[in-house]
Amino acid sequence: MEPRAAVSFGEIEECDTAPGCAAGNTRPTMCVTGPTTQPERMPHPMPASIRSLARLFLLAVATVALAACGLTAVTGPRAWSQQATLADGTTQTISVRDESGRLANVEINPAGVAMASEISNPPGAPNVVLVPWAGGACDVTTEFVFTAAGQGLAGTVKVTTSGGVCNMMAIQQQLRLTSSAPLPAAQVTLTTAP
C-alpha cells in the first residue's frame with residue numbers, strides 16, 4: 001500500500017463567482033478557497049533488504065537461544081517408580097529419585113537389556129549406566145537416591161522388607177540410567193543407606 005497524503009480542502013466554488021478568481025472567466029473551472037493543510041509527512045518505510053536482514057537476525061538469535069537451552073538444561077530433581085506383583089501375590093515397589101538433575105531417564109528392569117555384573121557403561125553408550133543389585137523375595141520397597149558427586153553420581157539404596165519369615169532367595173535386578181551427558185561408570189557409586 002502506498003502512503004497517502006492527508007489533504008483537506010476548503011469550500012470549492014466556481015471560479016467566476018469565487019472571490020479572488022479572475023473576473024469574466026467563462027470556463028467552468030474550480031477554485032479552492034478557505035483553509036488548506038499541507039500533506040502529513042509519512043515515515044519512510046524500511047527498505048526490504050534491511051527488513052530481511054532484521055528478520056534473519058531475529059531468527060538466528062531465537063535459534064541460538066533455543067539450542068542453548070537444550071544443551072544446558074538442568075531438569076532438576078525427578079523421580080521414577082515401578083510396582084510389580086510377584087507370583088505369591090505380594091507387591092514390590094522400586095523407586096528412583098534423582099537429586100542431581102543429571103538423569104534424563106531411568107528404566108527399572110528394562111526388557112531386552114542383558115544383566116550387568118557390576119556398575120558399567122554398555123558398549124557404545126557413554127551416557128548410559130547399568131546399575132545391578134540383588135533384591136530379595138521379601139522386599140516391599142526399594143528406594144534409590146542419586147546425588148551429584150563431582151562429574152558422577154553417588155547413589156544410596158534403602159530396602160524395606162515385609163519383616164516376616166522369608167525365603168532368602170536373591171532376585172537379580174537392574175537400573176538403566178540415561179544421562180544428558182557422558183557418565184563414566186567409574187564415577188557412579190551405590191551404597192546401602194543406614
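The values are calculated or read from the model by the stated rules, or taken from the named source; none is laboratory data. Predicted model only: the values in this text are computed from it and were never measured. As a convention, Cβ positions derive from the backbone with ideal geometry for all residues, glycine included, and neighbour counts pool all protein chains shown.
Say whether the condition of being over 27 Å from G76 (Cβ atoms), surrounded by 16 or more Cβ atoms within 10 Å (Cβ to Cβ) and charged (D, E, K, R) is met by at least one residue in segment 112-123.
Within segment 112-123, not a single residue is over 27 Å from G76 (Cβ atoms), surrounded by 16 or more Cβ atoms within 10 Å (Cβ to Cβ) and charged (D, E, K, R).
Out of N121, N109, report the one residue that is modelled with pLDDT of 95 or more and in contact with a strand residue (DSSP E or B) (Cβ under 7 Å, 6 or more places away or on another chain).
N121
If I filter segment 177-189 for residues that are crowded, with 16+ Cβ neighbours inside 10 Å and under 14 Å from Q92 (Cα atoms), do I get at least one hit?
Of the residues in segment 177-189, the ones crowded, with 16+ Cβ neighbours inside 10 Å are 177, 179-180, 183, 185, 188.
Add one more test, that the residue is under 14 Å from Q92 (Cα atoms), and what stays is none.
No, segment 177-189 contains no residue that is crowded, with 16+ Cβ neighbours inside 10 Å and under 14 Å from Q92 (Cα atoms).
Taking V145 as the residue in question, decide whether it is touching a Pro at 6+ places or on another chain (Cβ under 6 Å) and surrounded by 15 or more Cβ atoms within 10 Å (Cβ to Cβ). Give the derivation first.
On the way: touching a Pro at 6+ places or on another chain (Cβ under 6 Å): no; surrounded by 15 or more Cβ atoms within 10 Å (Cβ to Cβ): yes.
Answer is no for this residue.
If you go through segment 148-183 one residue at a time, how many are in contact with a strand residue (DSSP E or B) (Cβ under 7 Å, 6 or more places away or on another chain), under 19 Å from D98 (Cα atoms) and not aliphatic (A, V, I, L, M)?
The total comes to 10.
Any idea which of (1) aliphatic (A, V, I, L, M); (2) under 33 Å from the mean Cα position of the chain (by Cα); (3) exposed (fewer than 13 other Cβ atoms within 10 Å of the Cβ); (4) part of a strand (DSSP E or B) is the one A134 doesn't satisfy?
Here A134 clears every test but (2).
So which of V157, V128 ends up being at pLDDT 95 or above and more than 24 Å from the chain's Cα centre (by Cα)?
Details: V128 fails: more than 24 Å from the chain's Cα centre (by Cα).
Criteria check complete, one pass: V157.
Got a sec? Which of V140, V129, V106, V157 is closer than 23 Å to T85 by Cα and either touching a helix residue (DSSP H, G or I) at 6+ places or on another chain (Cβ under 9 Å) or surrounded by fewer than 16 Cβ atoms within 10 Å (Cβ to Cβ) (or both)? It would help to see each step written out before you state the result.
Numbers: V129 fails: closer than 23 Å to T85 by Cα; V106 fails: either touching a helix residue (DSSP H, G or I) at 6+ places or on another chain (Cβ under 9 Å) or surrounded by fewer than 16 Cβ atoms within 10 Å (Cβ to Cβ) (or both); V157 fails: either touching a helix residue (DSSP H, G or I) at 6+ places or on another chain (Cβ under 9 Å) or surrounded by fewer than 16 Cβ atoms within 10 Å (Cβ to Cβ) (or both).
Checking each option against the conditions leaves just V140.
Just one of (1) farther than 21 Å from S162 by Cα; (2) surrounded by 16 or more Cβ atoms within 10 Å (Cβ to Cβ) trips up V96, so point out which.
(1)
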